[in-house]
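The values are calculated or read from the model by the stated rules, or taken from the named source; none is laboratory data. Just so it is clear, the model here is predicted, and its values are computed rather than measured. Cβ sites come from the backbone with ideal geometry, for glycine too, and all protein chains shown count toward neighbours. We work out accessible area using only protein heavy atoms, side chains counted, and drop any ligands, DNA or RNA first. Shrake-Rupley method; radii C 1.70, N 1.55, O 1.52, S 1.80 Å.
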Protein chains: 2
Amino acid sequence: MTDAVNRHWIYRSRPDDRLTPEHFEWCTAPRPRPAPGEVLVRVQALSVDPSQRVWMAGPSYRPMLLPGEVMASYAVGQVVQSQSPDFAPGDRVEGDLGWQDFACRAASALRRRDAARPLEQLVGVLGITGATAHVGLFDIGRPRPGEQVLVSGAAGAVGSIAVQLAKKAGCRVVAVAGGPHKAQMLRELGADAVVDYKAGALRADLKRALPKGIDVFFDNVAGAVLEAALPSMNIGGRVVCCGAVSAYDAGQAPPGPRGVPALLIARRLTMAGFVVLDDALRREAAEAALAAWLDDGTLQAPVQVVPGLKNAPQALIDLLAGGNTGKMMVRLD
Amino acid sequence: MTDAVNRHWIYRSRPDDRLTPEHFEWCTAPRPRPAPGEVLVRVQALSVDPSQRVWMAGPSYRPMLLPGEVMASYAVGQVVQSQSPDFAPGDRVEGDLGWQDFACRAASALRRRDAARPLEQLVGVLGITGATAHVGLFDIGRPRPGEQVLVSGAAGAVGSIAVQLAKKAGCRVVAVAGGPHKAQMLRELGADAVVDYKAGALRADLKRALPKGIDVFFDNVAGAVLEAALPSMNIGGRVVCCGAVSAYDAGQAPPGPRGVPALLIARRLTMAGFVVLDDALRREAAEAALAAWLDDGTLQAPVQVVPGLKNAPQALIDLLAGGNTGKMMVRLD
C-alpha cells in the first residue's frame with residue numbers, strides 16, 4: 001500500500017444464495033480528497049458482521065447494497081485530513097467506511113472514538129456488537145436474578161458478550177454453539193452449560209440443559225435452534241430477536257419456527273426485534289457500562305483478527321459459515 | 001329437561017385433526033348436589049370459543065381436556081342452591097360450567113355477574129372475548145391516533161370488538177374476514193376497508209388496503225394471514241398474538257410464518273401473546289369500559305345464538321370452520 005493509492009473491494013453482484021469470493025472485485029484507485037465538510041479517514045479495522053449479508057438481500061434498517069459500490073462495512077480509522085471543524089488529523093473515528101484503505105465521509109457520518117483504546121475493543125465489545133448484546137439483553141430480555149437465559153450463536157461477537165452480561169444479571173446461562181472449541185471458550189466465559197447444535201439431538205439436549213425452562217432467549221441464529229427452544233419457554237418469557245444468521249446466507253426466506261404464534265399465546269411470550277442504531281444515547285450508555293467492566297477485568301472480549309484488507313471477503317464468508325469465535329475483525333495492513 | 005336430570009355432553013376422544021360430532025357423547029345423569037362450600041348452578045348460556053379446541057390439543061393456560069370429562073366451557077348461569085355464604089339462589093354467575101344443564105362448583109371458582117344484563121352481553125362483549133379484545137388491543141397493540149390497524153378474524157367475537165375499539169382509538173382499521181356477508185357487517189361496525197381472505201389474492205389485497213402499512217396487527221387467525229401481513233408491518237409495529245384459529249382444527253402444528261424473526265429484526269417489531277385471565281383487575285376495567293360504551297350506544301355487540309344444549313358440538317364445529325359472525329353462544333332450553 002502506498003498513501004497515493006486506495007485499494008478497495010467492490011461489491012460486484014448480488015448472491016442468489018451462498019456468498020462467495022466471486023461476489024467481490026479487488027480494485028485500486030487514487031486516494032480520494034475530502035470536499036468541504038468532509039473528512040479523509042485511513043481505515044484501520046473492519047467490523048465483520050452477519051448483517052453485511054443482510055444488506056445484500058434487500059432494504060433493512062439501511063438501503064440495500066447495490067452492485068458496483070465499495071463494499072459497506074462498519075470500521076474504525078484515523079483522520080488523515082479534515083475539511084471540517086469537527087475533526088482533526090489523528091482523531092480516531094468510526095463509521096460506515098467500507099472495505100478500503102481510505103474513506104472520505106461527511107463529518108456528520110462519523111463518530112468520535114477514544115484513541116487510547118485498542119482497535120480490538122473499539123470494533124468489538126465497544127462497537128456495535130457489544131452494544132447490541134447490552135441493549136438486547138437488558139431492554140428486550142429484561143433478565144431477573146435466578147432466571148434461566150439461553151443464548152444462541154453464543155460464541156459469536158454478540159453472543160459471547162450476552163452470555164457474560166446474563167451472568168452479571170444473576171441468571172443461569174445456557175449457551176448454544178457448534179463444536180468443542182467454542183464450548184470450551186463459553187465455559188471459560190461463565191456459561192453454566194453449553195449445548196452443541198451440531199450434536200444432532202438439539203431439542204433433547206436443550207431440555208436436559210434447561211430443566212427449569214427458559215425465561216429469556218437471546219437468539220442470534222433463528223431457524224432450527226429457535227424452533228427447538230420455543231417449546232421450553234416459560235410463561236411470560238421473552239425472546240430477543242437479535243439475529244437470524246442461519247438464514248442469511250440462503251436464497252428464499254425459510255418458513256418461520258413452528259409454535260409461532262400458538263406458543264406465544266399459550267405461554268404469554270414476547271418476541272421482539274431491535275436495532276441498536278436506533279438510539280444513540282442508549283448505545284452510549286451500553287458502551288460506558290461495557291468499558292467499565294472491561295477495565296475492571298470482569299468482562300472478556302474475545303476477538304478473532306484477520307490480517308489484511310485482501311482477506312475481507314473470506315472473513316465474511318467464514319463468519320457466515322459459523323467459523324468465528326468472538327468478534328471477527330479485519331486489521332488493515 | 002326436568003329439574004331432576006342433568007343432561008350433558010361428554011368429551012369422548014381426542015381429535016387427531018378435525019373436530020367432529022363423534023368426539024362427543026350425549027348423556028344424562030341425576031342432578032348433582034352441592035357439597036359444603038359449593039354452589040349448584042343452572043347453566044343458561046355457553047360461550048363457544050376456538051380455545052375449546054386448543055384445550056383438547058394439550059396443556060395451555062389450563063390443563064389439557066381429558067376424554068371422559070364433561071366438555072369444558074365458559075358459561076353463565078343462575079344459582080339454584082348454595083352451600084356457600086358467597087352466593088344465594090337467583091345470583092347470576094360465570095365460570096367453567098361445562099356443556100350441561102347443572103354444574104356444582106366451589107364458590108371460589110365462580111364469578112358474580114350482573115343479573116340485570118342480558119345473557120348475550122354477559123357471554124359475549126362483557127365476557128372473556130370482549131375483555132380479550134380490550135386487553136390485547138390496548139395493552140399489547142397500544143394504538144395511537146392515526147395509526148393503521150389490521151384485524152384478522154375480524155367478524156368473530158374478539159375481532160368484531162377489536163375493530164370497533166381501534167376506531168375509538170382514532171385509527172384507520174382494515175378488517176380481514178371471509179365472504180361478503182361478514183364484510184358488510186364489518187363495514188357497519190366501522191371498518192374502513194375489508195379484505196376477503198377467500199378471494200385468492202391476500203397479499204396483494206392487503207397491500208392495496210394498507211398503502212401506509214400496518215402499525216398494529218391484531219391477529220386471531222395466524223397461518224397464511226399472518227404470513228401475508230408481516231411484510232406490511234411498519235417499523236416499530238406490534239403484532240397482537242390473540243389467536244391462531246387457522247391452526248386449531250388440525251393435526252401437527254404448521255410451520256410458523258415466513259419473516260419470523262428476520263422481519264421482526266429489520267422492522268423492530270414486537271409479537272406478543274397474552275391470556276386475559278391472567279389479570280382479574282385488568283379484566284374488570286375492560287368490562288367496565290365496554291359496558292359503558294354498550295350503554296351509550298357507541299359499541300355494537302353482534303351475537304349468533306344457537307338454541308339448545310344438544311347443538312353445542314355442532315356450534316363449536318361450525319365456529320372452527322369460520323361459520324360465525326360475532327359472538328357464538330349456545331342458549332340452553
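I'd like to know if segment A:63-83 contains one or more residues that are closer than 24 Å to A:G153 by Cα, within 14 Å of chain B (Cβ to nearest Cβ) and not acidic (D, E). No, segment A:63-83 contains no residue that is closer than 24 Å to A:G153 by Cα, within 14 Å of chain B (Cβ to nearest Cβ) and not acidic (D, E).
Would you mention how many residues in segment B:210-219 are within 10 Å of chain A (Cβ to nearest Cβ) and open to solvent by 20 Å² or more (accessible area, probe 1.4 Å)? Of the residues in that region, 0 qualify. So in segment A:134-151, with the set limited to residues that are open to solvent by less than 20 Å² (accessible area, probe 1.4 Å) and among the small types (G, A, S), which one is farthest from A:Q52 (Cα to Cα)? Here the residue is A:G141. Candidates are the residues of segment B:60-86 that are open to solvent by less than 20 Å² (accessible area, probe 1.4 Å) and without any contact (Cβ under 8 Å) to a residue 60 or more places away in the chain; the one that is farthest from the chain's Cα centre (by Cα) is B:S84. Restricting attention to segment B:223-240 and to residues that are within 21 Å of the chain's Cα centre (by Cα) and without any contact (Cβ under 8 Å) to a residue 60 or more places away in the chain, the residue that is nearest to the other protein chains (Cβ to nearest Cβ) turns out to be B:V239. For segment A:193-207, the count of residues that are under 15 Å from A:G146 (Cα atoms) and under 21 Å from the mean Cα position of the chain (by Cα) is zero.
Residue count for segment B:1-54, restricted to those that are acidic (D, E) and surrounded by 14 or more Cβ atoms within 10 Å (Cβ to Cβ): 3. When you look at B:L264, is it under 25 Å from the mean Cα position of the chain (by Cα), part of a helix (DSSP H, G or I) and within 11 Å of chain A (Cβ to nearest Cβ), yes or no? Criteria not met by B:L264. Of the strands (runs of 3 or more DSSP E) lying entirely inside segment B:269-333, the ones with 1 or more residues being more than 15 Å from B:V135 (Cα to Cα), open to solvent by 30 Å² or more (accessible area, probe 1.4 Å) and not hydroxyl-bearing (S, T, Y) are found at B:303-307, B:327-331.
Any residue at all in segment B:236-252 that is among the charged types (D, E, K, R), within 29 Å of B:Y61 (Cα to Cα) and open to solvent by 70 Å² or more (accessible area, probe 1.4 Å)? The answer is no, given that none of the residues of segment B:236-252 is among the charged types (D, E, K, R), within 29 Å of B:Y61 (Cα to Cα) and open to solvent by 70 Å² or more (accessible area, probe 1.4 Å).
Within segment B:267-289, if we keep just the residues that are touching a Lys or Arg at 6+ places or on another chain (Cβ under 8 Å) and more than 16 Å from A:D219 (Cβ to Cβ), the residue that is nearest to the other protein chains (Cβ to nearest Cβ) turns out to be B:G273.
Note on segment B:244-261: residues that are within 7 Å of another protein chain (Cβ to nearest Cβ) and closer than 18 Å to B:A154 by Cα amount to 2. Taken as a whole, the structure places B:L137 among residues that are of a type outside the set (K, R), under 19 Å from the mean Cα position of the chain (by Cα), under 30 Å from B:R331 (Cα atoms) and in the same structural domain as B:G243 (by TED's automatic domain parsing). Checking A:A162, A:A131, A:A177 one by one, the residue that is closer than 29 Å to A:A291 by Cα, surrounded by 24 or more Cβ atoms within 10 Å (Cβ to Cβ) and without any contact (Cβ under 8 Å) to a residue 40 or more places away in the chain is A:A177 and no other.
Suppose the filter is touching a residue at least 40 places away in the same chain (Cβ under 8 Å), surrounded by fewer than 20 Cβ atoms within 10 Å (Cβ to Cβ) and over 18 Å from B:T325 (Cα atoms); does B:K207 pass it? For B:K207, the condition - touching a residue at least 40 places away in the same chain (Cβ under 8 Å), surrounded by fewer than 20 Cβ atoms within 10 Å (Cβ to Cβ) and over 18 Å from B:T325 (Cα atoms) - is not met.
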